[in-house]
Structure formats: structure tokens, C-alpha cells
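The values are calculated or read from the model by the stated rules, or taken from the named source; none is laboratory data. Treat the numbers as computed from the prediction; the structure is a model and nothing was measured. Here the Cβ positions follow ideal geometry from the backbone for every residue, glycine too, while neighbour counts run over all protein chains shown. SASA here: full protein model, heavy atoms, side chains in, ligands and nucleic acids out. Shrake-Rupley method; radii C 1.70, N 1.55, O 1.52, S 1.80 Å.
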Amino acid sequence: MTLCIKNARHLDAPVDLLVRDGKIVTMTPAGHHAAPEGSQIVDARGLILMPSMVDAHVHLREPGFEYKEDINTGLEAAARGGFGSVMCMANTKPVNDNASVTRFMLDRAAQTHPHGPRLCPIAAATVGLAGEEMAPLQELKDAGCVAISNDGRPMPGTELLRRVMEYGADLGLTFIDHCEDSTLARGWVMNEGPLSGSLGVKGQPPVGEAVQAARDIMLAEYLNLPVHIAHVSSALTVDIIAWGKARGVKVTAETCPHYLLLTDKALESQDADYRMNPPLLEEEDRLALIEGLKDGTLDAIATDHAPHTVAEKARGLAGSAMGIVGLETAFPLLYKYLVLKGVITLEKLIALMSANPRRIFALEGGVEEGDAADFTVLDLGAEYAVDPGTFLSKGRATPFAGWKVQGRAVLTVVGGKEVYDDNYESNR
């Protein structure tokens, strides 16, 4: 079957896109060529065409924590959110530190979503994420892993980190680091500052993120190897990354929608839906992150989609699990509150959520001729309120419940196959 998307807007011009055998055959000005006979035609007039989004930081929970999320529901949420590829962290049970776990995850994805979204497992850097012994990275690469991380358990030993980075680079796997000095504020609840003091809870100093990032960047410079800094939250970390890039270090970095839109003042409510790791910081940090996106210091936006049960998020601010969901809300939030307010352009947002993470981690897909046909069609005029009760994810924890947003995916295509549609007009 040949798929023809007609009259979609791409880079502010109307185009027709022709897909055959899972690949982009042509993308031409709208009306330039007639669709081949027998094609499935989708009239996307008034809609936007972009390469499908890539989320470089997702927790799908399976195996072991299926009561929070499973691969089926996580990929359903990703498809609805316009994501064609999701990179899933290794903090499963058992941990994804051997090929059997990687193969299980990929098999589950193939069973539940044979056409996508693409599941891209991230290998554990160390056995059991314990930070003591390097995981069998060759085995994990051969099984299908696309990157390496010790996820939310920062690696304390620099010598072991060096070996992980060196061996990973030999395999073409970039190391992704959750930057946190885990000894600096054990048992923290939120950001260390005036608000944590007034609430009488232990805070985490944001310098802990920057200290770890500085170590990683200096090591990457010494080794001349790449490193990726996950979910950047602090202004000081942005400065450290900019310093590294100015020196020619192969450092890339991501931040998340919640750090771009919220500050720790939200925790005055003591609502655990505002509790995540790293914690929300202050307004100066939020503004520095935005500047980092604009000037290229920060390369990507990821969701850090981290579903928990309602009960796990209902134990009070100090006792609740850290993490929120984000696959179904990321684009509409950022389009509404960054693009429509003139903070960044739509083209910049697309690069941050699609082209850049795809480039950093060498993932397939796009809308150029010959690319695997991974693309999303968006209705940028759709206005609605975030309603956790409608999420396809099992997770319901979001600090954005009730927020007015704009823009939604109406069609997500992966490898030329429709993996999500929202009542778009088509002629089959």
C-alpha cells in the first residue's frame, strides 16, 4: 500500500508526502504530482507535518512494575503524543543489565505494537544499577540497546564511569547521566531554598547537579568521547554545559517540560504531583533553561515520563514517589506556553523534540527522501484542557491537570504504518 499525505504544511509550505514500503519516496510542493492509483490518501489541509518526535527519557516499568505502566500502555501513550520512538530506561525488575531483559522488552513491544512506536532500550551501565561492576555492554548492544545509563542512581566511581564511557563509545553507545551528588542531601524532599525552610523539609542544593555534570564534561574532554546530560534543571548546570561546548567537548543535554514551565513555588501546595527528581527549582533556573534552549546549549527536550500509581503519589509531599507522566502532554504544553507566547519558534520546538534527539542517538526516521517514514501530523488549532482521566498511560500524576493547552497529534506514522489516528479525514 502506498500512503499519500496531501496538502500538509511543512516548514511553512504546503507539501504532499508519498510513502511506499515504509520509506519516504518523495516530498513535493502540494499538487505537484498526482497520487499513484490505489494509494491511501490523507488530506491534511490545515494540519502540520513534522518528523515524529523522539523521547530520549522514558520509564516504561516493564518488566517488574507493570502495575505502574507496561510496554503496551506506554507505547499507546507515546503514539497519541506524536512520538515515533521512545528510549526506555533500565530501572526495571529485573534491571535491563543483560540481553534476556532487552529481548523481553523488544518482544513485548513487537507483540503489542508490531508497527511502532519504536521501543529503544537503554542499557544499564552497571550490574543491577548498583554502580559497582560494568554491565555486559557488548551483549546489551547486540540485543538492541541504543545508549547506556545508570538512570536515577548516579555513578559515584569516576574510574568505573571512565570505563563505561570508553567501552560504550567503542560500541557506538552514548552514556546518559542523571547528574546528582547523592551524598550532598540524602533524604531530600524538594529544592533547598527559602520554601523548603518555611515548609520544614529537607532540600537538595542544586549545585549537586552541576558538580556531577562538571565531572562528566571534564572526563568527556579528557577522553574525547561523547556524554549526554539528562533532565537538566539548574542554571549553574546550563553554564557548565555551555563552558564544555565552548571548549569543544562532545556534550549534549536535555531538559523537560516541567522545568521549563514550573518552579518550586508550586510546592507551596504540598501536592506530590509537583515532586520529581531532579526537583523543581527557582525562576532564575527556569529562565536559564529557556535561554539554553534558544542559544543551543541544551539540545533536546525529553519527558522523563515516570508513571506511579495513585496510591504511591498520595502519601504526602515527603512520602510520595517522585515522578510524573508526560508523553501525552509534552507537545501541547510547549506549543501553548513557549511557541504561541513567542519564546521559541515552532521550528525550534520540532528540532528539540525530533531532529536533535534522533541525531544524538543515531535513530532512524524523518521526512527526507529515503528516510524511514516516521512522521506526525498535528492539528495546531486544537484547544483543550489536560484531563488525566483520559490518559492512555496508566499513570495519572501530572502537575498540569486542568491547564489549557493547544495542539495535538491526529496521525502518527512509524515505518509507513499508522500507529495512531484521531479521526483524521482520509480516502482509503
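When the range 379-394 is limited to residues that are among the small types (Gly, Ala, Ser) and in a strand (DSSP E or B), the one that is surrounded by the most Cβ atoms within 10 Å (Cβ to Cβ) turns out to be Ala382. Selection of the range 357-378 for residues being outside any loop (DSSP other than H, G, I, E, B) and either open to solvent by less than 20 Å² (accessible area, probe 1.4 Å) or in contact (Cβ under 8 Å) with a residue 24 or more places away in the chain (or both) yields Pro357, Arg358, Ile360, Gly366, Ala372, Ala373, Phe375, Thr376, Val377, Leu378. Here is the figure for the range 163-177: residues that are hydrophobic (A, V, I, L, M, F, W, C) and more than 17 Å from Gln212 (Cβ to Cβ) total 3.
Inside the range 244-261, residues that are touching a strand residue (DSSP E or B) at 6+ places or on another chain (Cβ under 9 Å), without any contact (Cβ under 8 Å) to a residue 40 or more places away in the chain and open to solvent by 10 Å² or more (accessible area, probe 1.4 Å) make up a count of 2.
Within the range 109-152, which residues are touching a residue at least 60 places away in the same chain (Cβ under 8 Å), among the small types (Gly, Ala, Ser) and not in a loop (DSSP other than H, G, I, E, B)? Within the range 109-152, Ala147, Ser149 meet the criteria.
Taking Tyr222 as the residue in question, decide whether it is in contact (Cβ under 8 Å) with a residue 24 or more places away in the chain and open to solvent by 20 Å² or more (accessible area, probe 1.4 Å).
No, not satisfied.
Taking the criterion of being within 19 Å of Glu268 (Cα to Cα) and in contact with a Lys or Arg (Cβ under 8 Å, 6 or more places away or on another chain), the residues of the range 193-226 that qualify are Leu195, Ser196. The residues of the range 54-86 that are of a type in the set (Phe, Trp, Tyr) and over 24 Å from Glu418 (Cβ atoms), listed by number, are Phe65, Tyr67. From Val95, Val25, which residue is open to solvent by 20 Å² or more (accessible area, probe 1.4 Å), of a type outside the set (Phe, Trp, Tyr) and at pLDDT below 95? Checking each option against the conditions leaves just Val25. Do the conditions hold for Asp70, that is, is it open to solvent by less than 40 Å² (accessible area, probe 1.4 Å), within 26 Å of His228 (Cβ to Cβ) and among the acidic types (Asp, Glu)? Considered against the rule, which asks whether it is open to solvent by less than 40 Å² (accessible area, probe 1.4 Å), within 26 Å of His228 (Cβ to Cβ) and among the acidic types (Asp, Glu), Asp70 comes out as no.
What about Glu62, is it charged (D, E, K, R) and touching a residue at least 12 places away in the same chain (Cβ under 8 Å)?
Yes, satisfied.
The criterion of at least 2 residues that are within 16 Å of the chain's Cα centre (by Cα) and small (Gly, Ala, Ser) is met, among strands (runs of 3 or more DSSP E) falling completely within the range 1-108, by 83-88. Among the candidates Asp239, Asp285, the residue that is more than 20 Å from Ala321 (Cα to Cα), part of a helix (DSSP H, G or I) and open to solvent by 20 Å² or more (accessible area, probe 1.4 Å) is uniquely Asp239.
Scanning the range 217-233 for residues that are outside any loop (DSSP other than H, G, I, E, B) and either touching a helix residue (DSSP H, G or I) at 6+ places or on another chain (Cβ under 6 Å) or hydrophobic (A, V, I, L, M, F, W, C) (or both) yields a count of 7. Filter the range 160-196 down to residues that are modelled with pLDDT of 90 or more and of a type in the set (Lys, Arg) and give me whichever is most open to solvent (accessible area, probe 1.4 Å). Applying the filter and picking the extreme gives Arg163. Residues considered: Met165, Met190, Met105. Of these, the only one that is touching a residue at least 12 places away in the same chain (Cβ under 8 Å), in contact with a Cys (Cβ under 9 Å, 6 or more places away or on another chain) and not small (Gly, Ala, Ser) is Met105. For the range 262-281, filtering for residues that are of a type in the set (S, T, N, Q), part of a loop (DSSP other than H, G, I, E, B) and open to solvent by 30 Å² or more (accessible area, probe 1.4 Å) leaves 2. Taken over the range 200-210, the criterion of being buried (at least 17 other Cβ atoms within 10 Å of the Cβ) and not in a loop (DSSP other than H, G, I, E, B) is satisfied by Gly203, Gln204, Gly208, Glu209, Ala210.
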